[in-house]
Amino acid sequence: MNLIERAKNITLTPKTEWPVIAEESTNTVDLFKNYVAPLAAIPAVASFIGMSIIGFSVPLVGHIRLPILTGFTAMIMSFVFALIGVYLISLVIDALAPQFGATKNPAQALKVAAYSFTPGWLAGVFSLLPSLSMLGVVAGLYGIYLLYLGLPVLMKVPQEKATAYTAVSVICSFLIMIVFSLVIGAVGGSSMSGIASSVSSRTAETSGALGELEKMGKRMEEANKKMDEAKKSGDQQAEMKAATEALGAVLGGGSQAEVVDKDKLKALLPETIGGLKRASIEGEKTAMGEFKIAKAEARYADENNHQVRVSITDTGGSKMFGTMFAWGMMEQDKETDNGYEKMGKVNGRPTHERFQKDGSTGEYSLLVGGRFIVETHGENVDMATIKTASAAVGYEKLEAMKNEGVKQ
């Protein structure tokens, strides 16, 4: 098994690669040593470099770096947990098999679990820049589609039950990953409590998500054909363009859109919000191939150290960004002695709300028009002020711009 060829084939042409994998006799040691370990190391190492070497920005604090020892420890734990996670998820897939008319087969379950993680591991390179690390999560969601295609071939599940089998396997896998993330986050000194204390699965929504992923898979297969043709012709420029299209299919969910100009987003951030005056404002545009992001951010404050930071991010109409937060499939209402956290929908828009009861910090985020992410963070202010600051950008104005630059 050639690692590079296998990673390429399972990512770009999964429908033809899964039957090949199903016929292979690969023992557990070889699979982990020659495939899982090298790929799982990508996000672990990249995250260490991004967090401890390059550093990252924290609102109202500045640019910081995790201590080398802390970052190194988190890297090792992330790598080890990735290996353990693959094995545990394979056990889940195998244990669930009889419930969906599939055939129990530990070896095949391990293969389908391991190879489904490929896109997420490859995209782990984005962790070199912490601000782009969530793009790795977006690419990782393509693994759901790979799992959906692989289960009927390797586990012999009837096609009509593949969606349900995939959904339950994904939820169980998601919970396992959350537990691991909580442990790693604790080592890094970050709080990730209550990310998803409850998961609400809806068959129709899951089926719709798989439908979108299937469309994305077809686009990737088309891009792969172009890559092969360009490679045969020796046209490196054409090959690079095809590779960019493949990357765009993963990150952009197939949506090739020109993002709204950053200055247009900056214009939505008012000079004052209540008694808080705008202290700073900035805008930026980031592009990686056909995938683009535009962002505008402003900070508001007064003389009493009441502060609010509002940002608007244009994802270019990428449907995958809505899926990234799993907002459409998750609900949460958690309260502790120190604060609360909620996740759900308000007026049809996916939202996330978190607040410390002492008023020290709070945040309110939502997805507008399936495209614009509005994030508001506050310090020493109440939640009403945070929500007022969020609404000040004008959700209706953003809704009106949701089709700008979108090319189908």
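In terms of other Cβ atoms within 10 Å, 116, 311, 127 run from fewest to most in the order 311, 127, 116.
For a 30 Å ceiling on Cα separation, which of these pairs sit above it: 262/387; 292/387; 8/345; 111/161; 156/232; 15/232? Don't skip to the end; give the middle numbers.
Details: 262/387 23 Å; 292/387 27 Å; 8/345 37 Å; 111/161 20 Å; 156/232 36 Å; 15/232 22 Å.
From the list (262/387; 292/387; 8/345; 111/161; 156/232; 15/232), the Cα-Cα distance tops 30 Å for 8/345; 156/232.
Computing Rg and the Kirkwood Rh from the Cα coordinates of segment 257-407 gives a ratio, Rg/Rh, of 0.98. Roughly how far apart, in whole Å, are the Cα centres of segment 142-163 and segment 87-116? Computed from Cα coordinates, the inter-centre distance equals 11 Å.
Across segment 389-401, coupling constants 3J(HN,Hα) worked out from phi with the 6.51/-1.76/1.60 Karplus curve, θ = phi - 60°, read 5, 5, 5, 5, 6, x, 4, 5, 5, 5, 4, 5, 9 Hz, and Gly and Pro carry x.
Quick note: the coordinates plus some simple rules give every number you see, no bench work behind them. These figures come from a predicted structure and were not determined experimentally. Every residue, glycine as well, gets a Cβ built from its backbone with ideal geometry; the counts of neighbours run over all protein chains shown.
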